[in-house]
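Before any comments, here is the structure.
The values are calculated or read from the model by the stated rules, or taken from the named source; none is laboratory data. None of these values were measured; they are calculated from a predicted model. Positions of Cβ are backbone-derived with ideal geometry, glycine not excepted, and every protein chain shown enters the neighbour counts. All accessible areas refer to the heavy atoms of the entire protein, side chains included, with ligands and DNA or RNA removed. Shrake-Rupley method; radii C 1.70, N 1.55, O 1.52, S 1.80 Å.
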Amino acid sequence: MPAIVEWVWLVVMLPFGGFLANGWISFFRPNDKRAVSIIGVGVLAGAFLVAVAVVLGAARETVEAAPAVFTYWSWMPVGTLQVDVAFQVDHLSSVMLLVVTGVGALIHVFSVGYMRADPGYARYFAYLNLFVFFMLVLVLGASFPVMFVGWEGVGLCSYLLIGFWFSEKANADAGKKAFIMNRIGDFGFLVAMFMIYRSIGSLSFQNVFEQAPTAFAVGGSAITWITLALFLGCAGKSAQIPLYTWLPDAMAGPTPVSALIHAATMVTAGVYLVARTNVLFAMAPISSAVVAGVGALTALFAATIAVKQWDIKKVLAYSTVSQLGYMFLGVGIGAYTAGMFHLVTHAFFKALLFLGSGSVIHVLHHAYHETHRHDDAQDMRNMGGLVRFMPWTAGVMWIATLAIAGIPGLSGFFSKDEILAATFARGGEAPFFYLLWVIGTIAALLTAFYMTRLMIYTFHGSNRTGEKECDHLHEAPWIMTGPLVVLAAGTVLAGALNLPEILPAHGWLEHWLEPVTELGTRYLPEASLAPGTEWALLGLATAVAAVGIIGAWRLLHPEALVPAREAPPETGLGKLLYRKYYVDEIYDAAVVRPLVWLSEKVLWREIDQGVIDGAGVTGVTRLARWLGHLGTWFQNGYVGRYVLWFVVAVILVVWEIRR
Amino acid sequence: MTQFVFWTLSGVAILGALLCITGRNPVMSALSLVLTLFALAGIYVLFDAHFIAVMQIIVYAGAIMVLFLFVIMLLNVGRPDAGSDVKGKVGKFWAGFLGAALIAEMAAMWRLLPGESFRLPAGTLAGLTAQRGAVGLIAEPLFRAYLVPFEITSVLLLAAVVGAVVLAKRKL
Amino acid sequence: MLLGPALAVSAILFSIGVAGVLLRRNAIIIFMCVELMLNAVNLTFIALAQQLGPEGQVFVFFVMAVAAAEAAVGLAIIIAIYRHRQTLDLQYINLLRG
């Protein structure tokens, strides 16, 4: 009897089948929304169930054995380069497998309600299914190229879904921006692949990880450059400094897409990649320090921007960037389990936050639609006091907010604290890690602050939506609140996956991931905290969260807010933060404008129109015409002339072989 | 004696060829070509190729050239009132020049002749002819080593017959 | 002994055939010139066969077969062309001239 693990291909192919079916429907029966809902959600639910079975089977059958690799066919047999299309089920990929299919299934359910009235319903679900397919390829790929296929595929789906409402130029531009930013990162990924192949001669994870300890010197330049290039790829995909600017713009897509792609799954691919290649990063301390440093900086930087955003989704977007920074801090300092743990918990609470905001936006949009007003349904200044209308949404979002802020007992507290504690523990080696810890703690304070701000402005205080609109505000349908409740349960309980060492039943996820992380951790110094210190850190983290929440509650006055259309412009520091430190403008001035200038003035007018068109295009046409004239002299249609040239050619050939 | 016969026949062959390409009347050209073919048959005999010589007369001079003459007369190409089909001065120049150039080049390839070591002893072929007979000499390789090409030739001829019939039918 | 002279005669006959093709415009005569060239080649086969073995004569046999086939088909084409255009002058048979 075949082992249940072998059914892993079904997990991948179910969403792909859904993509094909929904794509067909979107072309030929675009109004058949019932079929789309059943197929789109059904394949995800099926995939989740199969994934659970596969992971349980894998846990039973291959606990200590090598990862189960299933080779399907040979993809690139070129000389010494042998790339197979193969999936790898091991402890790391099984965690991601469950997160992607589980959270993905919930978000699909939510989308049924959220996108109900959209004319592109079938197209939306086709893209979403395709995204899940590529994400699973990314997660399960047993070699760098297969992973890269998924990596590019999710980028494509991200582009398609950000620009889902492409009839508005801003949305289409946001899609292009995400695509181009990701290309910069993919360049790094590709370079890293080439360098790995050059050093090791193989690209499958098993071979690379087995041979890396002998092929590279610890801290050598080769491994450092490889990992830095890999991290460039991660920075593009996971929106880290300096490539993070695409993620806030990506909020132009439908909100469930933001939840699935730009919070829970795709943007965490970079963290997954670092955790997957942990042995390489562990052998390159400099790169790891860069990863941790960039992560910490991004966490703080994005958190400061989030403090002053008015668009509810922008706040969450910068919050995502910030939390991704935490994850990179975790994997950068060698706490791979902590990074993955935060990835899992973040998937729950950030998906919950996004879906909650989606439900708010959905209701507000609906209300504006009823009263024919054209206000921004995403601006928090137009909200306020919504808790009266949407108690369920407000309740679950408060749970998520407390989780991300780091209130004890909720999942975000444990995962974030684990990262900070691990950072602190390595402070004994170099003061650098203490600095990272300080940055991370400040970012945690800001996180608690801006999330509380979001909640206060959205759900509390007086209502600023408008008199008439209030009549149309109500709780979202159950198909949208249902997934929220499930995610809220996950948000509360996911912390139990990996409790800190000082609590009983601790470290379950750590033990589970050990076969994967031990490859890397053996290069890292043993760092542990005394129980007293750990208690102190836990206390400090709690205090920081409490200060952030209470500070926000005391400092902010929702009553003073006016709706967005009447709001005065920002000034001073507020303006700097509101305009996101002008990073987009700086990039525009430093990169985009010179490039446009170079393209237009030099490449277009001089090189293209002058050299290529002049010498190339018109030159070729002139040459062709001249050759044509010559040819008419040779080929004038008279057989006699042909014979003449034939004989001349024969004589020339004989002249040549005569010697 | 052999030398004399060879040179005489060669002269006749070349003369016939020249008449063939210069003659105004197509019938005249065809008959000149028949002359050349007969002379060549004689030369073949000198080279111990008796069977081929007979074939040359029967197939070439007999069958093929008769076909030519038949078509010429059928189409009545050689009417006296029709003008010459010989090209003008430019055509003559190119024909003469290229023909001469070809001869010169082939003369320059003289040293590519097979060396003495490759050649059979004198009289070998004559001996074989005496031993196997004129037909046996050629039948031996034709029906052993070259049997498949021989059979393919028959298919080729069949195809040619069918093709000729189809092409020459009145209604295409 | 007579190999060299025979090849020389062959070369001359071949060149005369080439010159004839270039010189004439009548399709039938051009055809005959081609036959002349084939015969010149046959002569080299025969002359060399005496020196190198009887296989050369076999080739002449094949050349004759091909020539017969070619003559049959070629002359049929000529008849067809003549029936269409009432001429065999290649100057007027120029469908290739676009």
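Note on chain A: with charges restricted to the Cβ of Lys and Arg (+1) and Asp and Glu (-1), its dipole about the Cα centre is near 1540 debye. Annotation: Cα Rg of chain B relative to the compact-globule expectation 2.2 N^0.38 Å equals 1.31.
Could you check how many percent of all C-alpha pairs in the range B:132-172 are farther apart than 14 Å? I get 62 percent for the Cα pairs in the range B:132-172 exceeding 14 Å.
Mind ranking A:398-404, B:18-24, A:320-326 by how tightly packed they are, going by the mean number of other C-beta atoms within 10 angstrom, highest first?
Values: A:398-404: 25.7, B:18-24: 19.4, A:320-326: 28.7.
Ranking, from highest mean packing down: A:320-326, A:398-404, B:18-24.
The spacing between the range A:514-531 and the range A:439-471, judged by their C-alpha centroids, is 39 Å. The spacing between the range A:235-297 and the range A:362-387, judged by their C-alpha centroids, is 32 Å.
Could you sort out which of A:LYS350/A:LYS416; A:LYS176/A:LYS601; A:LYS237/A:LYS575; A:LYS177/A:LYS580; A:LYS177/A:LYS314; A:LYS33/A:LYS313 sit more than 25 Å apart by Cα distance in this structure?
On the way: A:LYS350/A:LYS416 14 Å; A:LYS176/A:LYS601 23 Å; A:LYS237/A:LYS575 28 Å; A:LYS177/A:LYS580 16 Å; A:LYS177/A:LYS314 16 Å; A:LYS33/A:LYS313 27 Å.
The answer is A:LYS237/A:LYS575; A:LYS33/A:LYS313.
Its residues counted as N, the range A:533-659 yields a C-alpha radius of gyration over 2.2 N^0.38 Å of 2.77.
Return P(r) of the protein assembly as shown (all Cα-Cα pairs; 10 Å bins starting at 0; whole %; ordered from short to long distances). Final binned percentages: 2, 10, 16, 15, 9, 5, 6, 8, 10, 9, 6, 3, 0, 0. Count Lys and Arg as plus one, Asp and Glu as minus one, and take only other residues whose Cβ is under 15 Å from that of C:PHE31; the net charge is then -2. Once phi is turned into ³J(HN,Hα) by the Karplus curve 6.51 cos²θ - 1.76 cosθ + 1.60 with θ = phi - 60°, what whole-Hz value does each residue of the range A:287-301 show in order, with x for glycine and proline? Those phi angles translate into 4, 4, 5, 4, 4, 5, x, 4, x, 5, 4, 4, 4, 6, 4 Hz.
Leaving out ligands and nucleic acids, and using a 1.4 Å probe, what accessible area per residue does the protein assembly as shown come to in Å²?
Numbers: 39770 Å² over 929 residues.
Accessible surface, normalised per residue, equals 43 Å².
How many percent of the alpha carbon pairs in the range B:1-79 exceed a separation of 15 Å? In whole percent, the share of Cα-Cα pairs in the range B:1-79 beyond 15 Å is 58. Start at zero, step by 10 Å, and the Cα-Cα distances of the range C:4-85 spread as 19, 39, 30, 10, 2 percent across the bins.
Within a 10 angstrom radius of each residue's Cβ in B:149-160, how many Cβ atoms of other chains show up on average? Whole number is fine. Walk me through the numbers on the way to the answer.
Numbers: counts 5, 4, 0, 2, 7, 1, 0, 6, 5, 1, 3, 10.
Average neighbour count from other chains, rounded to a whole number: 4.
With one equal scatterer per alpha carbon and no solvent term, the Debye-computed log10 I(q)/I(0) for the range A:148-276 at 0.09, 0.13, 0.16 1/Å reads -0.29, -0.55, -0.75. Overall, the range A:165-262 carries a charge dipole of about 140 debye about its Cα centre when +1 sits on the Cβ of Lys and Arg and -1 on the Cβ of Asp and Glu, all other atoms neutral. Relative to the Cα centre, the charge distribution of chain B, modelled as +1 at Lys and Arg Cβ and -1 at Asp and Glu Cβ, gives a dipole magnitude of about 560 debye.
Put simply, the amide H of A:ALA68, placed in the peptide plane, has neighbours under 5 Å in A:VAL89, leaving out anything fewer than 5 places away on its chain. Note: relative contact order over chain B, using C-alpha pairs below 8 Å and six or more positions apart, is 17 percent. Within 10 Å of the Cβ of each residue in B:15-25, the mean number of Cβ atoms contributed by other protein chains is 5. Toward the positive end of the charge dipole of the protein assembly as shown, with +1 on the Cβ of Lys and Arg and -1 on the Cβ of Asp and Glu, the farthest Cα among B:PRO141, A:ILE226, B:TRP110 is that of B:TRP110. For peptide B:102-113, the mean count of partner chain Cβ atoms within 10 Å of a residue's Cβ comes to 6.
Shown in residue order for the range A:382-387 are the 3J(HN,Hα) couplings computed by the Karplus curve 6.51 cos²θ - 1.76 cosθ + 1.60 at θ = phi - 60°: 8, 9, x, x, 6, 4 Hz (x for Gly and Pro). Under a 5 Å amide H cut-off, with hydrogens placed 1.01 Å from N, A:VAL83 pairs with A:TRP75, A:MET76, A:VAL78 among residues at least 5 apart or on other chains. The distance from the alpha carbon centre of the range B:31-49 to that of the range C:1-62 is 11 Å, rounded to a whole number.
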